[in-house]
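Worksheet: one structure, shown below.
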Amino acid sequence: MLAGSGTVYTHARMAAVTKRDIDALWGPATPQFAYQIAERISALVGDLPAGDPVREYGVKRLADLDRLAQSTTKGAEPGH
């Protein structure tokens, strides 16, 4: 609520998270932005119950993003 406005703002309930939602974030990931995208995916799946298939899918994508973040966009060194 804004002070003095008398208006109350509420957040609409988000529809159920899907694998497609995760893929929409994960798909264009680059090493430079992998951790920021991982934070967003973590927020999406964080409230899902353990054992939920979408949560498990999100956890797998988080592992992929961690590996991507540790990689480099730099090509192979000459002579390697």
At 0.36 nm per residue, and after removing the present C-alpha to C-alpha distance, how many nm does the segment from ASP47 to ALA63 gain when stretched out fully? 3.9 nm
If a/c stays under 1.5 just call it rounded; otherwise compare a/b with b/c (prolate if a/b is bigger, oblate if not). Do that for segment 19-70, with a ≥ b ≥ c from the square roots of the Cα gyration tensor eigenvalues. prolate
Modelled FRET efficiency - R0 30 Å, GLN36 with ALA16, Cβ distances, 0.05 increments: 0.80
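Just so you know, all these numbers are worked out from the coordinates, no wet-lab data involved. What you see is a predicted model; the values in this text were computed from it and never measured. Cβ sites come from the backbone with ideal geometry, for glycine too, and all protein chains shown count toward neighbours.
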